[in-house]
Structure formats: C-alpha cells, structure tokens
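Enquirer: Mind looking over this structure? Questions follow.
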Amino acid sequence: MIHLRSIDISPDARKLEGFPFALPIVRKFRRLSFESPVTFLVGENGSGKSTLLEAFAAGAGSVVVGGEDVRTDRTLGHARALAAQLKLTWTKRTRRGFFLRAEDFFNFTKRVNQTSAELEEMAGEFEREGLKGYGLRLAQGAVRGQRRALADRYGEDADARSHGESFLNLFQSRFVPGGLYLLDEPEAPLSPQRQLALLAMLKGMAEQDSQFIVATHSPILLALPSADILSFDSAPVRRVKYEEVEHVSLTRDFLNNPEAFLRHL
C-alpha cells in the first residue's frame, strides 16, 4: 500500500539560503509522487538523498530507531527546517513504522542492553529496600517481565550477534504490517547474503500494506521487482530503470572485467 502519496515543497524554500536549501536537489525540487510500495533513492554521496529522506521523516513525525526523537535530535535540525517547507499528502496516514539511519543502529543496541541491565538492577533494589513476600514477587515479576520481553525481541545481549545478524533481527522484530519505513543505507552492515534476506523482508512487508522509502547504494536491494527508483544524481530528481543506475552498471562492469579497473590503481 502507498500511505505517503506525494511530497511538495513551498516556493519560498527556493529563496532560502544555507544548508540544506542551497543543495541543487532542493533548489530544483518538484513534486515527488510515490507510485510503488517500495521506492529507492539513489545517487552519489552528497547528492542530497539522505538529507531529503531525513526531512521526509521529520515531516511525517517518524519514530527514530536508535537516535533521539525526530523533534529534538540536534543532528536533524536541518531536516526539521526543510520539513517545515514540505507538504506531505497521504492516501492513508499511518503511525506505524520508523526511520532508521545505519549509524543510529549501534546506539540502539547500546540502549537495549542498558535498559535490560537497569531493569535487572531495579529488581534487586526492591529486595534491598525491604519488600518481602507477595509484594516483592509482584514488583520483581513486573520489571523482569519487561526484561524478558526485551530479550525475546532483541536477544539476551543485543551486541552478541554480528552487526549483520543484529540488524536483520531488528527488522524482523520491528516490522509490522501497514507501516511507513524510511531507511537510510540499511545495507551498510549487511553481507550480500543478508542483503538478499532484507530484500525478501521488504517484498514480504510490502505485500502486507507497508511502504518503504529507502536511500541505498546496493545493486542487490535495487533489484527488487516492481520497486520505483528515483535518481538524485542530477536535479531535479528523475525516475530511472534498474539498468540505468550507475551503481548497477559500474558493479556489473567491474565484476565482468576487474582487471580493466585494477590496472589503473
């Protein structure tokens, strides 16, 4: 399902100075219409795809996984400024889903482990404070129940798995039908095999009324059938076919003839 149907920008935004308004992709921004449950944003580093994705998250009020609240995170100040100039049009507004930057994932695992340790410490404090009998069992049961729920969802130690395993486990535990998911370079900690696993998850969740907008460099993810691909390599943004994506053609050319590239090193 396509929850977020289109995004427009105020004409006044083109008159504003400084980052992110000076980016060519913002200066020449036109309406973005989402025509598929899965939309990929592609382009070189610095093209503005992550900046716009952050602004979409701020405009939608998305939950940020691993980071601070989208309304208070200092690193998203520019995104909030740009979001204030955007108009989001919905087919059906959803409060499900989240925004995830790959770098925030490590903060997330740290937070899960810290919360788990704090809950166990709290259970011990009840006994030290003199609670006994039924009252003690009730109090400890409540906090240890929360700790077990965390362990069931994310594992006993969120850092025990490899980064790729933990990343996929996060998606498996947090993806719910009917959500809007904004993902910035989710392939970063994933091997090619695990990227294929994520590809299967995207396909499965899209079939359950979820929408994904994903900034990526991954030729594997970009190959998802029926996905829409928006190129940020020139302004304004334009739709491209899989075969036209520079990351795809460059990767294919390299794998077909690595010596042609390596001889120039």
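Okay, residues lined up against (1) more than 21 Å from Gln172 (Cβ to Cβ); (2) touching a Cys at 6+ places or on another chain (Cβ under 8 Å); (3) open to solvent by 20 Å² or more (accessible area, probe 1.4 Å); (4) of a type in the set (Lys, Arg):
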| position | (1), (2), (3), (4) |
| --- | --- |
| Lys203 | no, no, yes, yes |
| Glu207 | no, no, yes, no |
| Phe212 | no, no, no, no |
| Ile220 | no, no, yes, no |
| Ile229 | yes, no, no, no |
| Lys241 | yes, no, yes, yes |
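Enquirer: Turning to a different aspect of this structure: Phe261 passes all but one of (1) open to solvent by less than 20 Å² (accessible area, probe 1.4 Å); (2) aromatic (Phe, Trp, Tyr); (3) without any contact (Cβ under 8 Å) to a residue 12 or more places away in the chain; which number fails?
Expert: So Phe261 meets the others, but not (1).
Enquirer: Also, quick follow-up: Could you list, in sequence order, the residues of segment 44-64 that are surrounded by fewer than 20 Cβ atoms within 10 Å (Cβ to Cβ) and among the hydrophobic types (A, V, I, L, M, F, W, C)?
Expert: Val63
Enquirer: Would you mention how many residues in segment 1-22 are open to solvent by 70 Å² or more (accessible area, probe 1.4 Å), out of contact with any helix residue (DSSP H, G or I) (no Cβ under 8 Å at 6 or more places or on another chain) and over 23 Å from Gln211 (Cα atoms)?
Expert: Going through segment 1-22, the residues open to solvent by 70 Å² or more (accessible area, probe 1.4 Å) turn out to be 5, 11-12, 14-15, 17, 19.
Filter once more, so that each one left must be out of contact with any helix residue (DSSP H, G or I) (no Cβ under 8 Å at 6 or more places or on another chain): 5, 11-12, 15, 17.
Next cut, over 23 Å from Gln211 (Cα atoms) only: 11-12, 15, 17.
Qualifying residue count for the region: 4.
Enquirer: Sticking with this one: I need the full set of residues from segment 23-43 which are touching a helix residue (DSSP H, G or I) at 6+ places or on another chain (Cβ under 8 Å), touching a residue at least 40 places away in the same chain (Cβ under 8 Å) and either open to solvent by 10 Å² or more (accessible area, probe 1.4 Å) or of a type in the set (Gly, Ala, Ser) (or both), in order please.
Expert: Listed by number, the residues that qualify are Arg27, Pro37, Gly43.
Enquirer: Looking at segment 180-203 only, could you name the residues that are at pLDDT 95 or above and assigned to a loop (DSSP other than H, G, I, E, B)?
Expert: Residues satisfying the conditions do not exist here.
Enquirer: Filter segment 1-22 for residues that are assigned to a loop (DSSP other than H, G, I, E, B) and free of Cβ contacts under 8 Å to residues at least 12 places away in the same chain; which is farthest from Met201 (Cα to Cα)?
Expert: Among residues in segment 1-22 that are assigned to a loop (DSSP other than H, G, I, E, B) and free of Cβ contacts under 8 Å to residues at least 12 places away in the same chain, the one farthest from Met201 (Cα to Cα) is Glu17.
The values are calculated or read from the model by the stated rules, or taken from the named source; none is laboratory data. These figures come from a predicted structure and were not determined experimentally. Because the Cβ atoms are built from the backbone with ideal geometry, glycine has one as well, and the counts that use them run over all protein chains shown. In case anyone asks, the SASA skips ligands and DNA or RNA and just uses the protein heavy atoms, side chains included. Shrake-Rupley method; radii C 1.70, N 1.55, O 1.52, S 1.80 Å.
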